[in-house]
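The values are calculated or read from the model by the stated rules, or taken from the named source; none is laboratory data. The structure presented is a predicted model; accordingly, all values stated were derived computationally and were not measured. Positions of Cβ are backbone-derived with ideal geometry, glycine not excepted, and every protein chain shown enters the neighbour counts. Ligands, DNA and RNA are excluded from the accessible area calculation, which covers all protein heavy atoms including side chains. Shrake-Rupley method; radii C 1.70, N 1.55, O 1.52, S 1.80 Å.
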Amino acid sequence: MNVALVTGSSRGIGAACAAALARSGYKVCINCIERMDLAEKLAALLRSEGHKAICHQADVADAAAVNEMVRHIEADFGPVDLLVNNAGIAIPQQFQDIKPETWKRIFDVNLGGCYNTIQAVLPHMLHEHSGCIINMSSIWGQHGASCESAYASTKHAIIGLSRSLAAELAPSGIRVNCIAPGVIDTDMVQVLGQETLDMLSREQIPLGRLGRPEEIARTVLYLAEAGYTTGQVIGVDGGFII
Ligand code: NAD
């Protein structure tokens with residue numbers, strides 16, 4: 001049985017991915033930075049269904065904490081062979097209002113988090129000549145968006161990182177892919193307000209509705225098993241970007 005780490009998986013897209021992976025046979029580590037009660041509730045639910053799940057609180061921006069989490073997973077389940085870099089934050093603001101510490105934090109979590117987790121799991125993947133890394137970008141990693149300059153910069157960088165690593169690691173049997181979700185119905189987008197979300201559904205999303213976290217999870221399951229696919233960015237956005 002394979003071992004999966006899904007960062008930022010106490011709620012939203014990450015929780016749906018962790019649940020889908022556990023239900024398809026992966027031993028899963030659920031990670032979050034806060035609200036461990038949510039992570040523990042999800043892990044308990046999955047265990048009650050007969051699946052394997054543990055949780056570990058760690059800030060993905062903190063390399064030492066990430067290394068400790070990976071050691072914890074190795075001790076309980078064995079080395080990670082599927083990494084889903086899902087943890088991410090968005091703080092929409094006009095560029096001139098972004099404080100240096102906010103800019104740095106968004107980069108440290110969204111992009112630095114990928115660096116820290118990949119560094120932590122890569123030695124085992126290289127040793128095994130096998131592994132799968134899935135990084136969560138966004139439609140704002142493919143297009144620009146007003147008031148999202150920091151977030152969009154990190155999500156563009158995640159696509160660059162994924163493509164470059166895919167090229168570098170393919171000869172080592174390791175696949176790296178990206179998902180670019182559109183507007184998905186999670187806590188993250190509630191800051192936009194219902195009126196804006198309704199307007200987006202009506203005017204920007206050809207399929208006429210927000211996406212569901214489970215629809216991203218299905219793409220994670222697909223990429224986890226898609227043995228001949230690497231370096232790709234899969235849009236799951238209801239047609240937002242065509
Ligand atoms: P969310 O805010 O609902 O959940 C975020 C999760 O990440 C939580 O579990 C939180 O504890 C965790 N987290 C945040 N900072 C962390 C840190 N430093 N270390 C560890 N965990 C941390 O978000 P979501 O909507 O489920 O989004 C998940 C991912 O998908 C993010 O990378 C986001 O950028 C991306 N995304 C979301 C949407 C959307 O519309 N919801 C669209 C495109 C991309």
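Descriptive notes on the structure:
- Candidate set from the stretch 1-30 (those that are within 11 Å of the ligand (Cβ to nearest atom), farther than 15 Å from Val121 by Cα and of a type in the set (S, T, N, Q)); member that is most open to solvent (accessible area, probe 1.4 Å): Ser10
- Condition met for Ile159 (of a type in the set (Val, Ile, Thr), open to solvent by less than 30 Å² (accessible area, probe 1.4 Å), under 15 Å from the mean Cα position of the chain (by Cα) and within 10 Å of the ligand (Cβ to nearest atom)): no
- When Lys99 is tested against (1) over 16 Å from the mean Cα position of the chain (by Cα); (2) open to solvent by 50 Å² or more (accessible area, probe 1.4 Å); (3) closer than 17 Å to Val6 by Cα, only condition (3) is not met.
- Only residues that are within 14 Å of the ligand (Cβ to nearest atom) and of a type in the set (S, T, N, Q) were counted across the stretch 92-145, and they come to 8.
- Scanning the stretch 71-91 for residues that are over 30 Å from Ile139 (Cβ atoms) and either within 15 Å of the ligand (Cβ to nearest atom) or part of a helix (DSSP H, G or I) (or both) turns up Arg71, His72, Ile73, Glu74, Ala75, Asp76.
- Close pairs from the stretch 36-53: first more than 14 Å from Ala15 (Cα to Cα), partner open to solvent by less than 80 Å² (accessible area, probe 1.4 Å) and in a loop (DSSP other than H, G, I, E, B), Cβ under 9 Å, at least 6 apart: His51/Gly25; His51/Tyr26; Lys52/Gly25; Lys52/Tyr26; Lys52/Phe77
- Among residues of the stretch 31-60, those that are open to solvent by 10 Å² or more (accessible area, probe 1.4 Å) and either away from the ligand (no atom under 12 Å from the Cβ) or not hydrophobic (A, V, I, L, M, F, W, C) (or both), counted: 17
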